[in-house]
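**Student:** One structure, as structure tokens, below. Some questions next.
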Amino acid sequence: MKHSRGYSFLIKWLVLLGDIVVINVLFITLVYNWTASQDLQELASSFKMIILLLNFCYFFAVYCIPIKIDSPVFYTDKVVQRSLLLVAMHGVTFITCLAFLDTVMDGFATQFLTAYYMILLVAFPVWRIIARESLKYYRRKGRNFKRVIIVGAGKNGMDLYVELKRNTSYGFYVLGFFDDNLLLKNSLPNYLGMTHEIDSYVLENDVDEIYCTLPSSQDEKILRLLNFSEKNMIRFYLVPEFYRYLKKKMTLESIESLPIMTMREEPLQYMHNRMIKRFFDVLFSMIFLVGIFPICYVLFGILIKMSSPGPVIFKQRRTGIYGKEFYCYKFRSMRINEDSDEKQAEKDDPRKTKIGEFLRKTNLDEIPQFYNVLKGDMSVVGPRPHMLKHTELYSTLIDKYMVRHLIKPGITGWAQVNGYRGETKTVEQMEKRVKMDVWYLENWSFILDFKIVVVTIINMFRGEKNAY
């Protein structure tokens with residue numbers, strides 16, 4: 001296979017050029033259309049200055065939010081998220097600069113800027129997604145790849161080989177394995193030799209990266225390979241030994257020069273992310289409580305009262321953030337019964353009323369939980385809060401069950417939109433739900449929350465088989 005990574009450094013420059021084209025072409029097109037219908041003489045006279053400022057603000061924004069779409073693994077959600085952040089930063093910077101240039105700002109219509117950034121919020125992510133997908137297609141065709149070798153053919157080495165070969169769009173071409181255990185020679189996909197032969201092979205075959213999966217007991221070999229790699233300007237990666245028993249994404253931090261591995265990265269540990277999420281929660285819950293809840297309360301309240309005696313709103317103690325208890329509110333969907341705090345709703349549950357069946361099927365029974373969101377007990381999106389008895393039970397049966405309580409519970413969540421909602425008849429079903437909840441905790445973004453809300457609304461009209 002022909003080596004094809006010599007011009008890989010151009011990818012970021014091509015993306016950068018594409019960004020500039022999108023930002024400028026859209027701006028110039030809007031200016032000409034705008035000035036044709038409105039009198040913006042000051043804008044025309046200061047056009048060169050504004051264009052220069054427009055591009056300066058882009059370079060400032062891209063410095064703060066670097067281009068990453070050339071990374072081997074970079075998902076579409078992240079492409080969209082970073083694109084929107086860059087546009088937002090560009091907008092704040094550009095408008096702030098214009099505010100200090102009074103002569104320019106006088107002729108600069110607010111409507112124009114609003115229109116420009118509304119279109120850019122769509123056009124820019126679309127361009128970045130096209131660029132990312134084009135790069136993946138290019139790599140699948142055998143171009144822009146890195147030639148790598150794997151040192152150590154144990155379980156870690158084989159797992160790494162499978163991951164690198166699994167998706168050709170990652171841009172890796174695995175040349176083979178080096179290992180001192182000759183018994184593995186015939187069982188490996190491509191055995192290249194023993195570890196003392198690495199130096200000559202790497203130099204002769206133009207290797208880009210070395211992935212070392214040797215155990216820490218062979219520290220002399222690891223150190224020799226590290227020194228050789230740095231001397232010859234070859235990137236060296238060390239796969240930690242604990243990966244054998246801890247297969248998850250971890251984050252490297254440090255105290256001075258002492259490296260520390262954290263079990264998980266939690267985006268909501270950062271204040272700005274919590275502020276974004278809380279702002280969305282308050283805004284969204286206020287819209288529902290002011291606009292929709294009063295109507296639903298009157299309509300469903302009458303039907304609930306007609307269906308069976310008891311209160312309109314059902315409240316139940318649930319487990320919240322950090323294991324704290326709170327009262328979770330719902331429209332009552334069952335007849336008053338003694339099992340409500342211990343037994344989950346089942347399919348064809350005799351406790352349910354006819355209106356309750358409809359409310360549960362459409363998730364409308366959970367509308368009162370927007371009051372929980374406004375109070376701060378819950379979030380719009382997050383792991384579903386469980387009954388206290390279930391928390392007590394599953395915390396002893398599932399290792400990572402309590403991890404889901406590191407964030408606020410939600411009205412809807414990642415597990416729910418992926419089919420894990422309703423009754424959990426087995427421990428395995430709950431384990432899958434918990435796995436989804438922990439994934440959400442580690443991968444939160446505002447875009448992800450928005451996606452979950454949209455899918456939840458679609459499912460309300462489409463119906464879900466597990467909603468009962």
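**Student:** Mind listing just one residue for me: the one in segment 371-398 that is surrounded by 23 or more Cβ atoms within 10 Å (Cβ to Cβ) and not aliphatic (A, V, I, L, M) and, of those, nearest to TYR327 (Cα to Cα)?
**Tutor:** ASN372
**Student:** I'm trying to understand the selection: among the residues of segment 351-368, which are more than 34 Å from the chain's Cα centre (by Cα) and in a loop (DSSP other than H, G, I, E, B)?
**Tutor:** ARG351, THR353 - these are the residues of segment 351-368 that are more than 34 Å from the chain's Cα centre (by Cα) and in a loop (DSSP other than H, G, I, E, B).
**Student:** Additional query: Counting only residues that are touching a Gly at 6+ places or on another chain (Cβ under 9 Å) and assigned to a strand (DSSP E or B), which one in segment 296-350 is modelled with the lowest pLDDT?
**Tutor:** MET334
**Student:** Residues being exposed (fewer than 15 other Cβ atoms within 10 Å of the Cβ) and not charged (D, E, K, R): count how many of those fall in segment 122-133.
**Tutor:** Of the residues in segment 122-133, 3 are exposed (fewer than 15 other Cβ atoms within 10 Å of the Cβ) and not charged (D, E, K, R).
**Student:** Okay, moving on. Can you name the residue in segment 229-254 that is at pLDDT below 90 and hydrophobic (A, V, I, L, M, F, W, C) and, of all such residues, is farthest from ASN443 (Cα to Cα)?
**Tutor:** Among those that are at pLDDT below 90 and hydrophobic (A, V, I, L, M, F, W, C), it is MET233.
**Student:** Here is a further query. Scan VAL79, VAL73 and give me the residue that is among the aliphatic types (A, V, I, L, M), modelled with pLDDT of 75 or more and assigned by TED's automatic domain parsing to the domain that holds VAL126.
**Tutor:** None of the others qualify; the one that does is VAL79.
The values are calculated or read from the model by the stated rules, or taken from the named source; none is laboratory data. Fair warning: this is a prediction, and the values are worked out from it, not measured in the lab. We place every Cβ from the backbone using ideal geometry, glycine too, and count neighbours over all the protein chains shown.
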